[in-house]
Amino acid sequence: PVLSLTGVDTSRSVGEARDNFYVRVSGPAGGPSPSGQTMAADTPVSVAITEANPAGVVDGIYNADTAGTVITQVVIPAGGDNSTAGSGWSYIAAPSTAGTYKVSASATGMNTVTSPVVTVSAPELKFTQTTEVVGKGMRGYHYSLYVQRAVNGTAFSGVEALVVNLSSSDPSKASVPASVTIPAGSSTAYFQVTGVDLTGGTAVTIDATAAGHSAPATKVQVQVAEPVLSLTGVDTSRSVGEARDNFYVRVSG
């Protein structure tokens, strides 16, 4: 029989959630239907972290996505090949430091299979957009600006909450909250920019920092402009003696 590993992420970040994968078995490659064969009896398969550099980059493989216990073996059930995973999922620990490792699986009478190299990188911050225009005396749209934790440009969900410090290059023109928190199990938090005074064409730069994370490579450039007033609901054709005409004044950035 032939063992294979499915779902092992090859790019991870320090502090991200556990990585789920499973071991699958199929018939001999030369057979007419290798993927249609199943085990006749419960079959234990040894699993391990190998070639870790530095040692302890991940502290093992677990039987649950949170809590649980470290395992060195999974069982492919009789009548199955583990192709649907189900309870056969295993979980590689959250990385504790940057580095590399591989995952291996082996069983008596079968090949040993090893994953490609998994690279763990230091996490970074990034903004989901790089420009914003807000009216003087106004706040930006509630969900317009987000800061994310990412690895190699791709957002990931961390196992712990992360406090991100925000700063403006000129708070007298455009201000931001002192910090926002990306919740545990999430990759993103939103924040708003307040237009304090007109920028006159010179953008204000918004930056972000967090412990253990590199700052965004591209910052948010904010322009503060005059708000725009508009009238809504004023009837342009009326009749003597009709009821009062209702309208309202709206302000926008």
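Laboratory data are not the source of any read-out in this text; all were calculated from the coordinates shown. From a predicted model like this one, the values you see are computed outputs, not experimental measurements. Note that we place each Cβ from the backbone using ideal geometry, even for glycine, and neighbour counts take in every protein chain shown.
Step by step: find N for segment 1-52, compute 2.2 N^0.38 Å, then divide the Cα radius of gyration by it. What's the final number?
Taking N as the residue count of segment 1-52, the ratio is 1.47.
Per residue, the convex hull spanned by the Cα atoms of the chain amounts to 227 cubic angstrom. All Cα-Cα distances of segment 1-116, cut into 10 Å bins from zero to the largest, leave 14, 46, 29, 10, 1 percent in each bin in turn. Taking every C-alpha pair closer than 8 Å and separated by at least 6 residues, the mean separation divided by the residue count of the chain gives a relative contact order of 18 percent.
Summarising the label geometry, the points placed 7 Å from Cα in the beta-carbon direction at ALA40 and VAL159 lie 4.1 nm from one another. Value of Rg to Rh for segment 123-188, rounded to two decimals, is 1.00; Kirkwood radius and Rg both from alpha-carbon coordinates.
Straight-line cross-link reach from LYS136 at under 15 Å between alpha-carbon atoms covers these aspartates and glutamates, not counting any fewer than eight positions away in the same chain: ASP170, ASP197, GLU226. 3J(HN,Hα) couplings calculated from phi for segment 193-202 with the Karplus curve 6.51 cos²θ - 1.76 cosθ + 1.60 (θ = phi - 60°) are, in sequence order, 9, 9, x, 8, 8, 4, 8, x, x, 9 Hz; Gly and Pro show x. Running Debye on segment 143-247 with equal point scatterers at the Cα sites and no solvent, what base-10 log of I(q)/I(0) appears at q = 0.09, 0.13, 0.16 Å⁻¹? So the normalised log intensities work out to -0.39, -0.59, -0.75.
Packing here is the average count of other Cβ atoms within 10 Å per residue, and on that basis the peptides 19-30, 160-171, 90-101, 62-73, highest first, run 90-101, 19-30, 160-171, 62-73. Each of ALA211 and THR97 was given a label point 7 Å from its Cα along the Cα-to-Cβ line. The distance between the two points is 1.8 nm.
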